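Here the structure is laid out as structure tokens; the discussion comes afterwards.
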Amino acid sequence: MSYKFVLITDEYIDYLRKTEPRVMSNKAGERIYHRKYLGIIEELNGHKYFIPLSSPKPKDYAQNGKPKFDTLVTIYIKDSKRLYGTLRFNNMIPVPDSEIIKYDLNDEGDLKYKLIVFNELYFVRQNSEKIERTAKNLYEAKKNQQNEPEGKKPLLAITLDFANLEKLCDAYKKK
């Protein structure tokens, strides 16, 4: 799959957050750049799932200062020199086509930011199989949560309730 970055409408994020407050905020009033909620789309269980990107945070680094290793809920977007961001699978959400906005990197005015996003997109495309596998594995693990080994349960506890979000998504489509 050749991933492209997309945005999600503020209205849809606000709609989900009314019922599921752990859905990542699009921070409409705090945006530094014009992006809203940048991420990629993966098809799961007949729904288009939006997997959000996140900027690097202090928690993304190990004690030695290097980026942490990938987990069931996070892939670290990095090269040999730097951590560009993360893909947060635990925060992926189903989204109707009507709420997906195409993102055009050429429209990005800030050259430094454009380079970061370009490097993130390059990484995502180079790691598409791993991304697809991680999304499917987490989706299945969350669906079968009660049967998972104890080691996975803390990661599943911080993962959104996909079944409930799918119901909300389906209801939104009918509006």
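The values are calculated or read from the model by the stated rules, or taken from the named source; none is laboratory data. Predicted model, so just to flag it, every value in this text is computed and none were measured. When we count neighbours, we look across all protein chains shown, and the Cβ atoms used for this are built from the backbone with ideal geometry, even at glycine. These accessible areas exclude ligands, DNA and RNA; they are computed on the full protein's heavy atoms, side chains included. Shrake-Rupley method; radii C 1.70, N 1.55, O 1.52, S 1.80 Å.
When segment 48-62 is filtered for residues that are under 17 Å from the mean Cα position of the chain (by Cα) and either open to solvent by less than 20 Å² (accessible area, probe 1.4 Å) or among the hydrophobic types (A, V, I, L, M, F, W, C) (or both), the ones remaining, listed by number, are Y49, F50, I51, P52, L53, S54, D60.
Yes/no matrix, rows are residues, columns are (1) at pLDDT below 95; (2) closer than 16 Å to H47 by Cα; (3) outside any strand (DSSP E or B); (4) of a type outside the set (S, T, N, Q):
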| site | (1), (2), (3), (4) |
| --- | --- |
| Y76 | no, no, no, yes |
| V117 | yes, no, yes, yes |
| E132 | no, yes, yes, yes |
| A135 | no, yes, yes, yes |
| Q146 | yes, no, yes, no |
| P154 | yes, no, yes, yes |
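When you scan segment 136-143, do you find a residue that is over 28 Å from L168 (Cα atoms) and either open to solvent by 60 Å² or more (accessible area, probe 1.4 Å) or not aliphatic (A, V, I, L, M) (or both), even just one? No; the residues of segment 136-143 include none that is over 28 Å from L168 (Cα atoms) and either open to solvent by 60 Å² or more (accessible area, probe 1.4 Å) or not aliphatic (A, V, I, L, M) (or both).
Check G65, G109 and return the single one that is modelled with pLDDT under 95, outside any helix (DSSP H, G or I), surrounded by fewer than 20 Cβ atoms within 10 Å (Cβ to Cβ) and at positive phi. Quick ask: steps written out before the conclusion?
Working: G109 fails: at positive phi.
Of G65, G109, the one residue that is modelled with pLDDT under 95, outside any helix (DSSP H, G or I), surrounded by fewer than 20 Cβ atoms within 10 Å (Cβ to Cβ) and at positive phi is G65.
Taking (1) modelled with pLDDT of 95 or more; (2) polar (S, T, N, Q); (3) loosely packed, with under 15 Cβ neighbours inside 10 Å; (4) under 16 Å from the mean Cα position of the chain (by Cα) in turn, Q126 satisfies each apart from (4).
Within segment 86-98, track down each residue that is open to solvent by less than 60 Å² (accessible area, probe 1.4 Å) and more than 15 Å from the chain's Cα centre (by Cα). Write out each step before concluding.
Filtering segment 86-98 down to residues open to solvent by less than 60 Å² (accessible area, probe 1.4 Å) leaves 86-96.
The answer is P96, and nothing else.
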